[in-house]
Amino acid sequence: MRVLYLTIFFAISVSLFSCAKEITTNNNNNDDNNPPVTSEVGVYVTNAARSLLLKQMPVNFNTKPNMSPNTIVVNPEVKYQQMDGFGAAITGSSCYNLLKMTAANRAKLLKETFDTISGNGYSFIRISLGCSDFSMDEYTCCDTKGIENFALHAYDKRDLLPVLKEILAINPKIKILASPWTCPRWMKVNNLTDKQLYNSWTGGHLNPDYYQDYATYFVKFIQAMKTEGIDIYAVTVQNEPLNAGNSASMLMYWTEQRDFIKTALGPAFKKNNIQTKIIAFDHNYNYDNIASEQSYPVNIYNDSEAAQYIDGAAYHAYGGDKAELLNVHNARPDKNLYFTEMSIGLWGSGYKFADDLIWNMREVCLGTINNWSKAVMVWNFMLDDNHAPYRPGGCNMCLGAIDINSSDYVTMTKNSHFYTISHLAKVITPGAYRIGSSGYNPSGLTYSAFLNPDGSYALVLLNENTNPLNITISQGVNSFTYSVPAMSVVSYKWKK
């Protein structure tokens, strides 16, 4: 993740909602004394003013025929992509801070975040394969030359594994995406022409002579994690393959990624019966404005030998526009799309909860979903009040979805990313389909509807306007009306 690109981020809270025609849920709006709310529709609201943070509101179906001109019609007959989930990155820094908390406080926070019944139901997390720019040091899983020396790193054993196991105990179905920031340094060269050893954590290229060893590296990582009881759902081949300036990084142009996938990684997965999905690219919409790298994943897909092994492509929002997702989908509708990273921080005019709540929901959450992304993940789940720990050369002004006070590891600030991801995860179950939604569509209103596997419906909506909007949602014979507050995010869930 490159400091130059960084733009925006967010925070989160909790609440619950069991899916029956009449729903009783816990209203956790930072007040454990709130009684359960019973209603026919689960409605959760967060506003820019922070006076409502995942606040549940009681809403029932209308008893009279709907005549409102301000109606959004939900149509389950129109289906788009199937959703995989929503979450944040459990970086080494996040693990370090989580493990500084007391066991009881950490368990409470993780349950609030990941529990699908009493919490917000985060369903997808990203980890680094080896170090990232938010790790305790630069390292890979094979820093001594020779792939026979592969082993999970001591920092991962100490920090990452315990946290992942606690999360899995709460939500055993959570999906995990692993991304490498660099290959082992002994596999690096300065370029593919000279092929001189490039003994640096930053930049360089993967030596084609080590394609087979590096493919084995992925296989061994997935197998080692499996031995620990942790399934890796998907890998990206390289985090930010066009960014050579991160504290740990590696260049991998599309021709290199194509050749590595088709000659080594894909065949190695097939040979070892690895079911983990392979996801290409994992970088910005604008391909860092490098002319030769435009349409990076589509170029790889055009090689059928490589394409057969690839599930889809991943994107970040530090450069360019989300419309690129639609371009890639239209070029290859058989391939999936994932949104895997966006951060918030103190760049520009500084972080403002209100601004990022709106921007992130419009551009990252609903914006990527409405352009065919099937997952949304943001960057660090937790950092401390000093934006730490971070690596030299990495981001020294990033915020986490949650920031914790390093003087006590108790006091927390839940930022906008925590809430925007919660608004998705709380009402949209993995396996849900995005479905048709149309009708009322004034300026400043963005929304998307979903059909969950259990037959319940969800709709997530953003009102950017400075005035409330009285909106009716209609699905079949049912309709309900709610006055959406100014500058707010609202999530709805209901059954027929």
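Nothing in this text is a laboratory measurement; each read-out follows from the coordinates by a stated rule. The model shown is predicted, which means the values in this text are computed figures rather than measured ones. Positions of Cβ are generated from backbone atoms using ideal geometry, with glycine treated the same way; all protein chains shown enter the neighbour counts.
Using all C-alpha to C-alpha distances in the chain, build P(r) with 20 Å bins and read off the rounded percent in each one.
25, 57, 18, 1
May I ask what percent, to the nearest 5, of DSSP beta bridges between residues of region 83-425 are antiparallel? Let's see the in-between values first.
Values: 8 of 41 bridges.
So the antiparallel bridges amount to about 20 percent of the total.
Calculate the length of the line joining the C-alpha centroid of region 208-267 to that of region 309-358, in whole Å.
So the separation of the two Cα centres works out to 21 Å.
With just the Cα atoms defining each centre, how far is region 156-201 from region 126-149? Give it in Å.
Measuring centre to centre over Cα atoms gives 5 Å.
Could you size up the charge dipole of the chain around its Cα centre, putting +1 on the beta carbon of Lys and Arg and -1 on that of Asp and Glu, and report it in debye to the nearest 20? Can you show the working numbers first?
On the way: 40 positive and 43 negative charges, 215 e Å.
It works out to roughly 1040 debye.
Based on the alpha-carbon gyration tensor of region 445-485 and its eigenvalue square roots a ≥ b ≥ c, which shape applies: rounded if a/c is under 1.5, prolate if not and a/b is larger than b/c, or oblate? Each step should come with its number before you reach the end.
Details: a/c = 3.47, a/b = 1.72, b/c = 2.02.
Verdict is oblate for region 445-485.
Can you tell which of GLY394, TYR338, TYR318 lies farthest toward the positive end of the dipole of the chain, using +1 and -1 charges on the Cβ of basic and acidic side chains (Lys, Arg; Asp, Glu)?
TYR338
List THR102, THR46 from most exposed to least, where exposure is judged by having the fewest other Cβ atoms within 10 Å.
On the way: THR102 10, THR46 31.
Fewest-to-most ranking of THR102, THR46: THR102, THR46.
How large is ³J(HN,Hα), in whole Hz, for each residue of region 178-186 in order, when computed from phi with the Karplus curve 6.51 cos²θ - 1.76 cosθ + 1.60 and θ = phi - 60°, using x for Gly and Pro?
With coefficients 6.51, -1.76 and 1.60, one gets 10, 10, x, 8, 6, 7, x, 4, 5 Hz.
Residue by residue, what Karplus-based ³J(HN,Hα) values in Hz, rounded to whole numbers, does region 144-155 have, using 6.51, -1.76 and 1.60 with θ = phi - 60° and x for Gly and Pro?
Result, ordered by residue: 9, 4, x, 5, 5, 8, 4, 6, 4, 6, 4, 5 Hz.
Report the gain in length on full extension from ASP385 to ALA49: 0.36 nm times residue separation, minus Cα-Cα distance, nm rounded to one decimal.
Numbers: separation 336, 0.36 × 336 = 120.96 nm, distance 2.17 nm.
That pair, ASP385 and ALA49, stretches by 118.8 nm at full extension.
With N denoting the number of residues in region 200-274, provide Rg(C-alpha) divided by 2.2 N^0.38 Å, to two decimal places.
On the way: Rg = 13.0 Å, N = 75, 2.2 N^0.38 = 11.3 Å.
Compared with the compact-globule rule of thumb, region 200-274 sits at 1.15.
Where the centre of each part is set by its Cα atoms, how far does region 432-484 sit from region 40-77, in angstrom?
Each part's Cα centre sits 7 Å from the other's.
Using a basic spin-label model with each label point 7 Å from the Cα along Cα→Cβ, how many nm lie between ASN149 and ASN190?
Reported label-point gap for ASN149 and ASN190 is 2.3 nm.
What FRET efficiency comes out for the pair VAL78/SER443, r = Cβ-Cβ distance, R0 = 35 Å, nearest 0.05?
Details: r = 24 Å, r/R0 = 0.68.
Approximately 0.90, to the nearest 0.05.
Write out the trypsin sites (Lys or Arg not before Pro) in region 61-167 meeting two conditions: DSSP loop, and at most 14 other Cβ atoms within 10 Å of their Cβ. Show your work: numbers first, answer last.
Details: sites: LYS79, LYS100, ARG106, LYS108, LYS111, ARG126, LYS145, LYS157, ARG158, LYS165; in loops: LYS145.
Here the sparse-neighbourhood loop sites are LYS145.
May I ask which residue of PHE150, PHE450, GLN223 lies farthest towards the positive end of the charge dipole of the chain, with charges of +1 (Lys, Arg) and -1 (Asp, Glu) on Cβ and the Cα centre as origin?
PHE450
With unit charges on the beta carbons (Lys and Arg positive, Asp and Glu negative) and the dipole taken about the Cα centre of region 181-300, which residue among ASN243, LEU206, HIS283 sits farthest to the positive side?
The one lying farthest along the dipole's positive direction is LEU206.
Counting other beta carbons within 10 Å of each Cβ, put GLU293, GLU240 in order, fewest first.
GLU293, GLU240
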